[in-house]
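J.: Submitted below is the structure of interest, expressed as structure tokens.
The values are calculated or read from the model by the stated rules, or taken from the named source; none is laboratory data. Fair warning: this is a prediction, and the values are worked out from it, not measured in the lab. Virtual Cβ from ideal backbone geometry, glycine too; neighbours counted across all protein chains shown.
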Amino acid sequence: MLSVYLGFGANLGDRYGQIKKALALINALPETKIIKLSSLYETAPVGYAEQGTFFNGACELETALSPLELLKALHSIEDSLGRVRTVRWGPRTIDLDILFYNHLILHQHNLIIPHPAIAERGFVLYPLCEIASHFIHPEKGCDIAVLLEKYRENGGEKEYPVAEIISGEIQ
């Protein structure tokens, strides 16, 4: 079993409910178990501003799935929860991203690990730092807490948790 960090978000419909459903489906994947969950953070959209605010968070899971198997499973979960890909960075019922897969560095046309925009996105850094502040980014060579500090120093937004996901409810 390998340690994987995921980022997740939603800004359409019942954001909290969609995230809970997605996490339950992730936890039900073969040889996969969520072991840590961040709080939820309400954040402004990035890239395409003409949409509602997001709930974002992060989780750590252990899995025996390969990176591509996991990606395929996450896309299937997104599809099952009504995700429609029409506008890049547009509104979505659920968004599931592999942030880190153990300490793997992978650059393929359909999957880049670590996720390439981690250091520039407060909606990823804040929840990730909550559950993995000392995890070393395999390409940047520093931990998540240092990346968050650099983000703040460069004028990044301060994000505050708005809700907690009760891990016992994720079955």
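J.: Out of the residues in segment 73-98 that are of a type in the set (Asp, Glu) and surrounded by fewer than 19 Cβ atoms within 10 Å (Cβ to Cβ), which is modelled with the highest pLDDT? Reasoning before the result, please.
T.: Filtering segment 73-98 for residues of a type in the set (Asp, Glu) gives 78-79, 95, 97.
Of the ones still in play, those that are also surrounded by fewer than 19 Cβ atoms within 10 Å (Cβ to Cβ) are 79, 97.
On the way: Asp79: 92, Asp97: 96.
My answer is Asp97.
Quick grid of which residues meet (1) without any contact (Cβ under 8 Å) to a residue 12 or more places away in the chain; (2) surrounded by fewer than 18 Cβ atoms within 10 Å (Cβ to Cβ); (3) on the phi > 0 side of the Ramachandran plot:
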site: Leu40; (1), (2), (3): no, no, no
site: Ala44; (1), (2), (3): no, yes, no
site: Ala58; (1), (2), (3): no, no, no
site: Leu65; (1), (2), (3): no, no, no
site: Glu69; (1), (2), (3): yes, yes, no
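J.: Within segment 112-129, work out how many residues are closer than 23 Å to Gln18 by Cβ and either assigned to a loop (DSSP other than H, G, I, E, B) or not small (Gly, Ala, Ser) (or both). Walk me through it before giving the result.
T.: Step one: list which residues in segment 112-129 are closer than 23 Å to Gln18 by Cβ, which gives 115, 117-118, 121-128.
Now narrow it down to the ones that are either assigned to a loop (DSSP other than H, G, I, E, B) or not small (Gly, Ala, Ser) (or both): 115, 117-118, 121, 123-128.
Result for segment 112-129: 10.
J.: Filtering segment 142-165 down to residues that are aliphatic (A, V, I, L, M) and touching a Ser or Thr at 6+ places or on another chain (Cβ under 6 Å), which residue is surrounded by the fewest Cβ atoms within 10 Å (Cβ to Cβ)?
T.: Here is the first cut: in segment 142-165, the ones aliphatic (A, V, I, L, M) are 144-148, 162-163, 165.
Subsequent filtering for residues that are touching a Ser or Thr at 6+ places or on another chain (Cβ under 6 Å) retains 144-145.
Working: Ile144: 27, Ala145: 15.
Ranking the qualifying residues of segment 142-165, first place goes to Ala145.
J.: Would you list the strands (runs of 3 or more DSSP E) that sit entirely within segment 7-97 and hold 2 or more residues that are under 22 Å from Glu120 (Cα atoms)?
T.: Values: elements: 32-37, 39-43, 54-63.
Result: 39-43, 54-63.
J.: Looking at segment 15-38, is at least one residue within 13 Å of the chain's Cα centre (by Cα) and of a type in the set (Ser, Thr, Tyr)?
T.: yes
J.: Here is a follow-up. Mind checking which residues of segment 98-111 are within 16 Å of Thr32 (Cα to Cα) and in a loop (DSSP other than H, G, I, E, B)?
T.: Asn102
J.: Does Phe135 count as out of contact with any helix residue (DSSP H, G or I) (no Cβ under 9 Å at 6 or more places or on another chain) and touching a residue at least 40 places away in the same chain (Cβ under 8 Å)? Give the derivation first.
T.: On the way: out of contact with any helix residue (DSSP H, G or I) (no Cβ under 9 Å at 6 or more places or on another chain): no; touching a residue at least 40 places away in the same chain (Cβ under 8 Å): yes.
No: the conditions fail for Phe135.
J.: Identify all residues within segment 30-57 that are of a type in the set (A, V, I, L, M) and closer than 25 Å to His137 by Cβ; write none if there are none.
T.: So the first thing to find is which residues in segment 30-57 are of a type in the set (A, V, I, L, M), and the list is 34-35, 37, 40, 44, 46, 49.
Matches in segment 30-57: Ile34, Ile35, Leu37, Leu40, Ala44, Val46.
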